[in-house]
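*Asks:* Below: one structure in structure tokens.
The values are calculated or read from the model by the stated rules, or taken from the named source; none is laboratory data. The structure displayed is predicted, hence computed values, not measured ones. Here the Cβ positions follow ideal geometry from the backbone for every residue, glycine too, while neighbour counts run over all protein chains shown. Side chains included, ligands, DNA and RNA excluded: accessible areas come from the protein's heavy atoms. Shrake-Rupley method; radii C 1.70, N 1.55, O 1.52, S 1.80 Å.
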Amino acid sequence: MEKIKVETPFRPVFPSPAGLIVSADEKGKPNIMTAGEIFNIGLRNPCIIGIALRKATYSHSLISRTGEFTANLPPRSLLEKVDGIGMVSGRDGRDKFAEFGLHPLPSLSVKPPVVEECPVNLECRVLSVTVVGDHDLFLGEVLCMRVDADKLGENQRMLIDRMESLLYAEWEYYGIGEKLGNFGFSKGRDLRLR
Ligand SMILES: Cc1cc2nc3c(=O)[nH]c(=O)nc-3n(C[C@H](O)[C@H](O)[C@H](O)COP(=O)(O)O)c2cc1C
């Protein structure tokens, strides 16, 4: 197959979740924004995620000031709300929770609430903020993770096939596809050094 050089790479790694980030002001008023740039950084002990935010967002200024946020992974049934929340800013005082019919649920470890309608909720404390090109990278330690009971299996493993996760790539939304296999199912498992 012929390879074509892409002149200006844009969001070249895909897909990523279309997530909902919640922050809160000093009085505790929550603000919610949509974010496609959510990454696993440190996997366990400590579990650390990254989110990349433009300076212009209200969420950027709230999280910079308070050092806390929650990351929430929505199901596909919330698609229209997720898209809408990413179109408008809370900077002018609008209450996006009320406007888009979502419910803030108190967090256990941080001030910003989680989104009740999202099956996965991560409560994070900011470890660092790094200027990276057109976005700033916030690393957040996951102090508390909660998952809807019907989406958690044995040994607290997430039941991904029940999540109906929402993915984002190239200005388009996708659902999660079929399961193709388990980690280490291939011949490579026997080949690896022990
Ligand atoms: C699908 C989608 C993904 C987005 N991803 C990001 C992102 O990762 N980082 C970012 O800064 N803005 C992202 N945005 C834009 C923000 O959600 C948007 O600027 C929002 O109005 C910010 O709200 P706030 O000013 O209340 O914080 C995304 C928007 C959509 C619709």
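*Asks:* Look at ARG65 and say whether it is near the ligand (Cβ under 7 Å from one of its atoms), open to solvent by 20 Å² or more (accessible area, probe 1.4 Å) and over 16 Å from the mean Cα position of the chain (by Cα).
*Replies:* So ARG65 fails the test.
*Asks:* Between a residue in the range 159-178 that is without any contact (Cβ under 8 Å) to a residue 12 or more places away in the chain and any residue that is surrounded by fewer than 16 Cβ atoms within 10 Å (Cβ to Cβ) and not in a loop (DSSP other than H, G, I, E, B), which pairs come within a Cβ distance under 9 Å, given they are 6 or more apart or on different chains?
*Replies:* Pairs found: LEU159/ASP150; GLU178/ASP161.
*Asks:* Right, something else. So which residues in the range 1-23 are open to solvent by less than 70 Å² (accessible area, probe 1.4 Å) and of a type in the set (A, V, I, L, M, F, W, C), if there are any at all?
*Replies:* Those that are open to solvent by less than 70 Å² (accessible area, probe 1.4 Å) and of a type in the set (A, V, I, L, M, F, W, C): ALA18, LEU20, ILE21, VAL22.
*Asks:* Still on this model: Looking at ALA35, ALA52, ALA71, ALA56 in this structure, which one is among the aliphatic types (A, V, I, L, M), closer than 18 Å to HIS135 by Cβ, within 12 Å of the ligand (Cβ to nearest atom) and loosely packed, with under 13 Cβ neighbours inside 10 Å?
*Replies:* Values: ALA35 fails: loosely packed, with under 13 Cβ neighbours inside 10 Å; ALA52 fails: loosely packed, with under 13 Cβ neighbours inside 10 Å; ALA71 fails: loosely packed, with under 13 Cβ neighbours inside 10 Å.
Testing whether each residue is among the aliphatic types (A, V, I, L, M), closer than 18 Å to HIS135 by Cβ, within 12 Å of the ligand (Cβ to nearest atom) and loosely packed, with under 13 Cβ neighbours inside 10 Å leaves just ALA56.
*Asks:* A further question follows. Scan the range 78-100 and report the pairs whose first residue is open to solvent by less than 50 Å² (accessible area, probe 1.4 Å) and of a type in the set (A, V, I, L, M) and whose second residue is within 8 Å of the ligand (Cβ to nearest atom) and in a helix (DSSP H, G or I), with Cβ atoms within less than 8 Å and a gap of 6+ or a chain change.
*Replies:* That search, which allows pairs on different chains as well, returns ILE85/LYS96; VAL88/LYS96.
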